[in-house]
Amino acid sequence: MDVLVWLIPVSLLLGGVGLLAFLWTVRTNQYDDPEGDSQRILSDEWDDHPKP
């Protein structure tokens, strides 16, 4: 039971870090164009410069 004193705060800390990382990706517009990525994969044209 003594190990729970360490595991609970560590798990809460790791969960908080994961939440902060997710919020950072949302704020920096990482998920703006999921359909465009799928269309570029299927396209025969090579595109080094994605549309902004």
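A few notes on this one:
- Listed by first and then second residue, the pairs with beta-carbon distance under 9 Å, at least 6 apart or on different chains, first residue in the stretch 24-37 and on the phi < 0 side of the Ramachandran plot, second surrounded by 10 or more Cβ atoms within 10 Å (Cβ to Cβ) and of a type in the set (F, W, Y), are Q30/W24.
- The test for being surrounded by 10 or more Cβ atoms within 10 Å (Cβ to Cβ), at pLDDT 95 or above, of a type outside the set (S, T, N, Q) and under 15 Å from the mean Cα position of the chain (by Cα) does not hold for L13.
- Leading residue by the ranking (surrounded by the fewest Cβ atoms within 10 Å (Cβ to Cβ)) among those in the stretch 16-52 that are at pLDDT 85 or above and of a type in the set (S, T, Y): T28
The values are calculated or read from the model by the stated rules, or taken from the named source; none is laboratory data. Predicted model, so just to flag it, every value in this text is computed and none were measured. All Cβ positions, glycine included, derive from the backbone under ideal geometry; neighbour counts span all protein chains shown.
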